[in-house]
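The values are calculated or read from the model by the stated rules, or taken from the named source; none is laboratory data. None of the values given here were measured: they were computed from a predicted structure. When we count neighbours, we look across all protein chains shown, and the Cβ atoms used for this are built from the backbone with ideal geometry, even at glycine. In case anyone asks, the SASA skips ligands and DNA or RNA and just uses the protein heavy atoms, side chains included. Shrake-Rupley method; radii C 1.70, N 1.55, O 1.52, S 1.80 Å.
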Amino acid sequence: MEEIIKTTLIGLFFGTFGTTIGGIIGIKFKNTSKKFLSFILAFASGSMISIVCFDLIPEALTISNLPTTFLGIILGILAMITCDLLVDKKFSKNFKTNSLLKTGIIVSIGLALHNFPEGLAIGSGFDVSITLGLSLAIAICLHDIPEGISMAVPMKSGGMKSGKIITYVILSGITTGIGAFFGAILGGISQSIIAMCLSFAAGAMIYIISGELIPESNKLYLGRTTAIGNIMGILIGILAMSI
């Protein structure tokens, strides 16, 4: 039980640390021009594309099969559509004039879903070896930083107070600790279930990318800066995953 608690705390620390650092960076940005915001959102979408295409989906396919992976992706997309509708209904008055606020909230929900299977990976990694568990935790922490930025910048530009933004950012990272807890307990969990979790997170992120980040970045500024941000996000995302 002591090892499970240690693994959970490690997952919780690294999961919240990366997103919180990113959130702090996001709310400290002084330049909030439409061109700058478009670049940040495009960069975030690029980093998420690299995670989905070169990490989550390949890993799910490796440990399971195409039908399981495809089902997980579809479920993740449907879950995010449902969240989108519920959030839109709850904050409909704000979103009529403030689509950036909606983007920030939807991104935070999606990242919370995405962080759970990351926690599973940390927890099951420690079951294999301490070295593997720590390396996974550090890699996840590093790529959580741009994700925290992608949450904080649109929320700040949408008028949300800094304290509330940081609260949302921390809450999205807590699911990493929850995932680490279950990963530590269920070290011998079915490979199909793990693959389903990974592909579910991939589906959630696909919806965020195509339904929120890219449309919003193009709405703010339609030019080369947006494309460059997207490309840089993809390249840096690949580098972060290879560390």
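Once fully extended, how much extra length lies between Leu78 and Lys219, figured as 0.36 nm per residue of separation less the alpha-carbon to alpha-carbon distance?
Length gained, Leu78 through Lys219: 48.3 nm.
Given an 8 Å cut-off on Cα distances and at least 6 residues of separation, report the relative contact order of the chain as a percent.
Values: 457 pairs, mean separation 113.9, N = 243.
That works out to 47 percent.
Give the carbon-plus-sulfur fraction of the accessible surface of the chain in %, rounded to a whole number; probe 1.4 Å, heavy atoms of protein chains only.
Working: 8000 of 11190 Å².
That fraction is 72 percent.
Identify the trypsin sites (Lys or Arg not before Pro) of the stretch 3-72 meeting these criteria: DSSP loop state and at most 11 other C-beta atoms within 10 Å of the C-beta.
Working: sites: Lys6, Lys28, Lys30, Lys34, Lys35; in loops: Lys30.
Here the trypsin sites (Lys or Arg not before Pro) that fit, given the DSSP loop and packing criteria, are Lys30.
Could you please report the charge total around Ser45, scoring K, R as +1 and D, E as -1 over all other residues with beta-carbon less than 14 angstrom from its beta-carbon?
-2
What are the semi-axes of the equivalent ellipsoid for the stretch 168-219, taken as the square roots of 5 times the Cα gyration tensor eigenvalues, largest first, in whole Å? Walk me through the intermediate numbers first.
Values: eigenvalues 162, 49, 3 Å².
So the equivalent ellipsoid measures 28, 16, 4 Å along its semi-axes.
Please compute, over every Cα-Cα pair in the stretch 1-94, the percentage with a separation greater than 23 angstrom. Walk me through the intermediate numbers first.
Numbers: 2464 of 4371 pairs.
Tail of the P(r) past 23 Å holds 56 percent of the pairs.
Keeping all protein chains in place, calculate the accessible area per residue for the chain (probe 1.4 angstrom), answer in Å².
Values: 11190 Å² over 243 residues.
Normalised by residue count, the accessible surface of the chain is 46 Å².
Evaluate Rg over Rh across the chain, taking Cα atoms for both radii and Kirkwood's formula for Rh. Present the calculation step by step, with values, prior to reporting the outcome.
Values: Rg = 17.1 Å, Rh = 17.6 Å.
Taking Rg over the Kirkwood Rh, I get 0.97.
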